[in-house]
Each structure stands twice: as structure tokens, then as C-alpha cells.
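One structure is given here, and the rest of the page talks about it.
Just so it is clear, none of the values below were taken in a lab; they were calculated from the coordinates. What you see is a predicted model; the values in this text were computed from it and never measured. Methodologically, a virtual Cβ is constructed for each residue, glycine included, from the backbone with ideal geometry; neighbour enumeration extends over all protein chains shown.
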Amino acid sequence: MKRLKPLNDYIFKKLFGENEVKDNLVAFLNAVLDRKDRERLVTLEIVDNKELTRELINDKTAILDVRAKTEDGTQIDIEVQLTNQHNMDKRTLFYWGKLFNEKIAKGEDYKKLKKVITINILDFDYINLDKFHTKFHLWEDESKDYMLTDLVEIHFVELPKFNKLEEKNLKEDRLQRWLTFFNKDISEEKLKELMELDTDIKRAEERLEYLSSDKKTIEIYKAREKSLHERANMISSAIEEGENKKAIEIAKNLLDLLDIETIATKTGLSIEIVKSLKH
């Protein structure tokens, strides 16, 4: 039996975004939010539990996020992104704003607005800091310890940075254990170690084992993998096309200043393309 990728967004939703696996989500959130003792989440409500239809799975633009609401009304949204679209900062602010506004009607008291936490799990480097887990609030520029409001909380968890860590602390760090669990190439020995260290991960892995043996789940998983692969290729092509257009514009501006070979070297374009721009 082949272990399915936990970060395929369809599988991630089956592991954390359904009522029957609510305990998995509570455990993972306590690790990300570093909730301990009295602050620990004990229960929450799964929100917007979309029916995972074939149409939704095949939709390259569909977002299979996991949404939840805590007892005090705080909304939490978790999104897995495997492909860098170079817009994750703006994207997360856009979706944070939608969640923040959707629960208040026009004319209602702003005091009714509740905290929104967004968590982005990224399979690429994005934040220009060395740490793999970054957390953002609204702090005053000079008085760094003054927060305007705690209603905004945005997390980025970057897996490549975590995977590059030479020394990991799986015994004491719950989040590091979860990120290791997410590794699609995890060894049986490491998986066994995780399950012995953490009963929550043992429960999640047992759920993943069940999903990995279910024919219907495997069929939908493969369809989603294909859709995600096509989406990644589409994004890559769009970025490449944009870079080529920029390079061509630069080359045109250099035609009267430099020779064809130098322009080709500087822009990354072929000599044939640079020659064609002369006509």
C-alpha cells in the first residue's frame, strides 16, 4: 500500500477538515499556535465543509482550504500551497479580509467583528527570513511592543526551510513533529518514531493509512494530483512567458548599444530571437 501525500490538499482536507477527524485539527492548531495549558484549544467547529465533488477536485482554481471556528468566535483558515505564484502575501490578505468581513451585516456594530487567523503551509520558500515558521500581527513601527489589535494573525509555515534544518527537536517541538509527518518521503523508521512520540500523529497516520487503502479516495486523489500538476505547469508557463516578454523589451532597447551576442548573453534569449528583433 502506497502512502498518499498528506499535503495533497484533498487528502489534507480529509485528514483535518472533516468532523470525524476534528481531534486531528485541534492537535495541529495547538502546535502551530503554540497553545499550552489553559490556552489550549479543546474543541472547535468545522466551517464550510464543502462536498468534495469530482467537479471541485478537477477545478484547477479550486481552493480546498480547512476552515474552523473556536468557542470564542475566532475564525481559522488553513491553506496548503505547493506552487509559488509569487503573490502569497497579497493572496492571504485578500482571503483574510473576506473572512473578517463576512460575519457582519451592513450597519452592525464593528465590535461584533471577530479575530481571524490564517495559516499558510507552503512547499516553497517565500518569507525573506531564516525561520521556517513566521507569525504576523499589527505592531506599531517604532514601539514594537504595541499591538493595534490582536484581530489579525497570519502564519507562514515553509516546509523547505524546515527540511533543511540540520538539527530538529522532534521530542519537544510538536510543530516539528507535524511537519515531519507531512513529508511524502518519510521513512518507516522515522514514522514509527513520530507515532511513538505523539499519539495525535499516530491517530492521523492511522487515518492516512485508511485513506491510502480506500479505492474511491485513491481515485479522487489521483485526479486531484493531475489537476494540481496541470495548474503548476500553467503557472510556470505564465511566469516564463512574462519573463520572456520582459527580456525581449530589454533586448530591443539594447540593439543600438550592444552586439547581438552580448545582448543574448545579458538577456538569456537565443541569438536567433535577438537577430529577429532587428527586422
Farthest toward positive dipole pole in the stretch 1-154 [+1 Lys/Arg, -1 Asp/Glu at C-beta], among THR118, LEU138, LEU148:
THR118
Within straight-line cross-link reach of LYS168, aspartates and glutamates at Cα separation under 20 Å, skipping those fewer than 8 residues along the same chain:
ASP34, ASP123, ASP125, ASP130, GLU158, ASP185, GLU188, GLU189, GLU193, GLU196, ASP198, ASP200
Farthest towards the positive end of the dipole of the chain, among LEU33, ILE63, ILE250 and with Cβ unit charges of +1 on Lys and Arg and -1 on Asp and Glu, lies the Cα of ILE63
Using Cβ contacts closer than 10 Å as the measure, can you line up GLU193, GLU249 from fewest to most?
GLU249, GLU193
Under 5 Å from the placed amide H of PHE124, counting only residues 5+ away or on other chains, we find LEU159
Could you give the length gained on full extension between GLU172 and LYS2, defined as 0.36 nm per residue of separation minus the Cα-Cα distance, in nm?
58.3 nm
Search the structure for amide H atoms under 5 Å from the amide H of ASP214, placed 1.01 Å from N in the peptide plane, and list their residues when 5 or more places away or on another chain.
none
Need one number: % antiparallel among DSSP beta bridges in the chain, to the nearest 5.
50 percent
What list of ³J(HN,Hα) values in whole Hz, one per residue of the stretch 262-276 in order, does the Karplus curve 6.51 cos²θ - 1.76 cosθ + 1.60 (θ = phi - 60°) give from phi, with Gly and Pro shown as x?
5, 4, 4, 5, 5, 9, x, 7, 6, 4, 4, 5, 4, 4, 5
Work out the length of the dipole vector of the chain about its Cα centre, built from +1 on the beta-carbon of each Lys and Arg and -1 on the beta-carbon of each Asp and Glu, and round it to the nearest 20 debye.
660 debye
Please list, in order along the stretch 155-171, the HN-Hα scalar couplings obtained from phi with the Karplus expression 6.51 cos²θ - 1.76 cosθ + 1.60 (θ = phi - 60°), rounded to whole Hz, x for Gly and Pro.
10, 10, 10, 9, 5, x, 5, 5, 5, 7, 4, 6, 10, 10, 10, 5, 5
Using a Förster radius of 30 Å, what is the FRET efficiency between ASN19 and LYS222 based on their Cβ-Cβ separation? Nearest 0.05, please.
0.75
Using only Cα atoms, tell me the angle between helix 199-212 and the longest principal axis of the chain; keep it within 0 to 90° and round to the nearest 10.
60 degrees
On full extension of the chain, what length is gained from LEU129 through TYR110, given 0.36 nm per residue of separation minus the C-alpha to C-alpha distance?
3.4 nm
If you compute Kirkwood radius over Cα pairs in Å for the structure shown, which of [x] 19.9; [y] 21.6; [z] 18.9 do you land on?
[y]
Give the calculated FRET efficiency between ASP89 and GLU189 to the nearest 0.05, with a Förster radius of 41 Å applied to their Cβ-Cβ distance.
0.60
Give the lysines reachable from LYS112 as a straight Cα distance under 28 Å; neighbours fewer than 8 places away on the same chain don't count.
LYS22, LYS36, LYS50, LYS69, LYS90, LYS98, LYS103, LYS135, LYS144
Within the stretch 126-170: backbone nitrogen closer than 16 Å to the LYS103 label point (7 Å, Cα to C-beta):
150-154
Degrees between helix 22-32 axis and first principal axis of the chain (Cα, 0 to 90, nearest 10)
60 degrees
Unit charges at the beta carbon, dipole of the chain: most positive-side option, ASN183, ALA264, PHE162:
ASN183
In which sequence would LEU29, LEU254 go, from the one with the fewest C-beta neighbours within 10 Å to the one with the most?
LEU254, LEU29
Once phi for every residue in the stretch 129-138 is put through the Karplus expression 6.51 cos²θ - 1.76 cosθ + 1.60 (θ = phi - 60°), the whole-Hz ³J(HN,Hα) values, with Gly and Pro written as x, are 9, 6, 6, 7, 10, 10, 9, 10, 9, 9
If the cut-off is 30 Å between C-alpha atoms, which lysines fall inside it for LYS252, apart from same-chain ones fewer than 8 positions away?
LYS266, LYS275, LYS278
